[in-house]
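The values are calculated or read from the model by the stated rules, or taken from the named source; none is laboratory data. This is a predicted model, so every value here is computed, not measured. All Cβ positions, glycine included, derive from the backbone under ideal geometry; neighbour counts span all protein chains shown. All accessible areas refer to the heavy atoms of the entire protein, side chains included, with ligands and DNA or RNA removed. Shrake-Rupley method; radii C 1.70, N 1.55, O 1.52, S 1.80 Å.
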Amino acid sequence: MGVSSNNGFLVMIMVMLATLALSSICVNGGNFDQDFEVTFGDGRLKRFGRGQLLTLSLDKVSGSGFRSKRQYLFGRIDMQLKLVAGNSAGTVTAYYLSSEGATHDEIDFEFLGNVSGQPYTLHTNVFTQGKGGREQQFHLWFDPTLKFHTYSVAWTPKMIIFLVDNMPIRVFKNHEAKGVPFPKNQAMRIYSSLWNADQWATQGGRVKTDWSKAPFTAYYRNFNANPNHAAATAAFTDGKWQNQELNAWNRRRLRWVQKYFMIYNYCTDFQRFPGGVPVECKMF
């Protein structure tokens, strides 16, 4: 999926405004030495610059990963990533929040690699009480391997906003009144990992990981966590986060992303849900 030349100017304007908004947000509050711990990888995770830069690598033996020492219940989480360059087919770079246990909650970004010259797929999902199946997927409007970009979750008791360079790409609202569980009772850690998933990740598993290109490396910097859930979405809702509605400007930005860059939405997958889409899909 691409953007026609008629939309090129709109892309530039949207990105410039999002970048200006992002510049007002503190993105240097975290330290990878102090705030995170290794989960797996046997030396494949490396830190540089006194904890200001972190890399994960994947080879045929193992991938690697880390998690936050602290747990979070609401707030805004920002992380800048530069993804695996070149032929990244079969690889998945996961960046997500999760609690623990069989009835865990989870908020996911997953970046599914592709062959050289083909776009990454950004896979998003929300798990509540151990149940996911709420996938939305996107292609990005830039090459995420050339430089760092900021991927954020703004999470309040009323909504979850997924953000790319401060651009809203997805909103998951609290519809508990309609019987839809919402993640609001379990604190979560931040996790990230780089791993091989060539059985499904690229073109449905048809394209396998080319191990001659290993090691594959993803880069991280500028982690920031703001636990103030009211502030987490204030810039997107004009302070009206209690009403779980984006303001007009951010509704337009969200529609733009979803019109031109969304490639899958569980809410419109009628073959998957022949008896009717999930309840939250009917609440727009």
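Within the range 189-201, residues that are under 16 Å from Tyr219 (Cα atoms) and of a type in the set (A, V, I, L, M, F, W, C) sit with their Cβ atoms under 9 Å from residues that are open to solvent by less than 50 Å² (accessible area, probe 1.4 Å) and part of a loop (DSSP other than H, G, I, E, B), at 6+ positions apart or across chains, in these pairs: Leu194/Gly41; Leu194/Arg44; Leu194/Gly63; Leu194/Val84; Trp195/Ser62; Trp195/Gly63.
The residue pairs whose first member lies in the range 113-131 and is without any contact (Cβ under 8 Å) to a residue 60 or more places away in the chain and under 15 Å from Ala89 (Cα atoms), whose second member is of a type in the set (Gly, Ala, Ser) and open to solvent by 30 Å² or more (accessible area, probe 1.4 Å), and whose beta carbons are closer than 8 Å, counting only pairs six or more residues apart or on different chains, are Ser116/Gly86. Look at (1) over 22 Å from Tyr220 (Cβ atoms); (2) in a strand (DSSP E or B); (3) open to solvent by 10 Å² or more (accessible area, probe 1.4 Å); (4) not acidic (Asp, Glu) and you find that Ala177 fails only one, number (2). Test each condition in (1) assigned to a loop (DSSP other than H, G, I, E, B); (2) in contact with a helix residue (DSSP H, G or I) (Cβ under 7 Å, 6 or more places away or on another chain); (3) open to solvent by less than 30 Å² (accessible area, probe 1.4 Å) for Thr209 and report the one that comes out false. Going through the list (1) assigned to a loop (DSSP other than H, G, I, E, B); (2) in contact with a helix residue (DSSP H, G or I) (Cβ under 7 Å, 6 or more places away or on another chain); (3) open to solvent by less than 30 Å² (accessible area, probe 1.4 Å), Thr209 breaks only (2). When residues in the range 88-128 are screened for being part of a loop (DSSP other than H, G, I, E, B) and either touching a helix residue (DSSP H, G or I) at 6+ places or on another chain (Cβ under 8 Å) or not hydroxyl-bearing (Ser, Thr, Tyr) (or both), 13 of them pass. Once the range 142-157 is narrowed to residues that are buried (at least 20 other Cβ atoms within 10 Å of the Cβ) and assigned to a loop (DSSP other than H, G, I, E, B), the residue that is nearest to the chain's Cα centre (by Cα) is Pro144. Report yes if some residue within the range 185-197 is surrounded by fewer than 23 Cβ atoms within 10 Å (Cβ to Cβ), touching a Gly at 6+ places or on another chain (Cβ under 8 Å) and of a type in the set (D, E, K, R); otherwise report no. Within the range 185-197, not a single residue is surrounded by fewer than 23 Cβ atoms within 10 Å (Cβ to Cβ), touching a Gly at 6+ places or on another chain (Cβ under 8 Å) and of a type in the set (D, E, K, R).
Considering the conditions (1) closer than 23 Å to Pro227 by Cβ; (2) at pLDDT below 95, Ser116 is excluded by exactly one of them, (1).
Tell me, yes or no, whether the range 54-76 has at least one residue that is within 20 Å of the chain's Cα centre (by Cα), modelled with pLDDT of 95 or more and of a type in the set (Asp, Glu). Checking the range 54-76: not a single residue is within 20 Å of the chain's Cα centre (by Cα), modelled with pLDDT of 95 or more and of a type in the set (Asp, Glu). Would you confirm whether any residue within the range 27-45 is touching a helix residue (DSSP H, G or I) at 6+ places or on another chain (Cβ under 9 Å), over 21 Å from Arg189 (Cβ atoms) and of a type outside the set (A, V, I, L, M, F, W, C)? Within the range 27-45 (the criterion being touching a helix residue (DSSP H, G or I) at 6+ places or on another chain (Cβ under 9 Å), over 21 Å from Arg189 (Cβ atoms) and of a type outside the set (A, V, I, L, M, F, W, C)), the answer is no, since none of the residues qualifies.
Within the range 99-113, how many residues are of a type in the set (Ser, Thr, Tyr) and open to solvent by 30 Å² or more (accessible area, probe 1.4 Å)?
Selection size over the range 99-113: 1.
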